[in-house]
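Written below as structure tokens is the structure these notes are about.
Computed from the coordinates by the stated procedures, all read-outs in this text should not be read as laboratory data. Owing to the predicted nature of the structure, the values given are computational and were not obtained by experimental measurement. So basically every Cβ, Gly included, is an ideal-geometry build from the backbone, and we count neighbours across all protein chains shown.
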Ligand SMILES: Nc1ncnc2c1ncn2[C@@H]1O[C@H](COP(=O)(O)OP(=O)(O)OP(=O)(O)O)[C@@H](O)[C@H]1O
Ligand SMILES: [Mg+2]
């Protein structure tokens, strides 16, 4: 198996009630790739992530994970009991105890060194997201899975966070699977984009997806920004490789 996770023909309906949330979805992620899943609210992004991790029951289809795959996961919602005091240091040792030096190194790596004794509930949104990333890195993951990791961050915070993700990938070789609504920034930081709306509407390079009619239909005005970005890059790219600007074969809409 050359991919880290490979899903074939996934259909998920959360207990079989009502219409499926995901229908016939194929998905794979290879080592060291940065793949971003985009799509409207309720389009099944978190469900796909959880299905890939084996956290939800499948109606049909198959998910294969590379044997022994180490995954660092930051879920979309992390429930912290506000009444219960918990330091950053203690949080990093959940669910598995980690050594002080490794905890300190992870916090330093994510740009929040020395926060060990702070209360989790007293952190700013940006600090908290970085602490979550630090915790995900502690397991020396081959795959980082981040479900909307920049929620609550301001624009400079979002840009800095994606830069950090690219640095981590470059240093550790970990693949990254992200869900994001930050279209413009995240498209630039991704090798591949999957546009989801209950099924895979289109997928491919950021350039190909931003030009795909299905993507533009889903994201409307916002998609103009990403398209303009790639048109601009195209205009200024004079030494392109043959085939570089053709749209990937994956940009189709099944309906
Ligand atoms: N545990 C669950 N039980 C029943 N229905 C669920 C469950 N989790 C999600 N759903 C439903 O599945 C659909 C897809 O939800 P999901 O959380 O995957 O969407 P999403 O694309 O991640 O949305 P968002 O952008 O808001 O995070 C929604 O209609 C949601 O109500
Ligand atoms: Mg979600």
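Quick notes on this structure:
- The modelled label-to-label distance between residue 77 and residue 155, using points 7 Å beyond Cα along the C-beta direction, is 3.0 nm.
- Rounded to 10°, Cα long-axis angle of helix 213-235 versus longest principal axis of the chain: 90 degrees
- Protection proxy ranking of 129-136, 188-195, by the mean of other Cβ atoms within 10 Å over each peptide's residues and highest first, is 129-136, 188-195.
- Listed peptides 62-68, 4-10, 118-124, 162-168 by packing density, highest first (mean Cβ within 10 Å): 4-10, 162-168, 118-124, 62-68
- Mean residue ellipticity, 222 nm, helices only, the chain: the sum of -39500 (n - 2.57) across DSSP H runs of n ≥ 4, divided by residue count and rounded to 500, is -11000 deg cm²/dmol.
- Length gained on full extension, residue 181 to residue 63: 40.0 nm, using 0.36 nm per residue less the C-alpha separation.
- Protection proxy ranking, peptides 34-46, 105-117, average beta carbon neighbours within 10 Å, highest first: 34-46, 105-117
- Label-point separation, residue 14 to residue 101 (7 Å along Cα→Cβ), nm: 4.6 nm
- Cα pair distances exceeding 15 angstrom across segment 65-155, given as percent: 58 percent
- DSSP finds beta bridges in the chain, and of those with both partners inside it, around 45 percent are antiparallel.
- Separation between Cα centres of segment 36-114 and segment 181-222, rounded to whole Å: 24 Å
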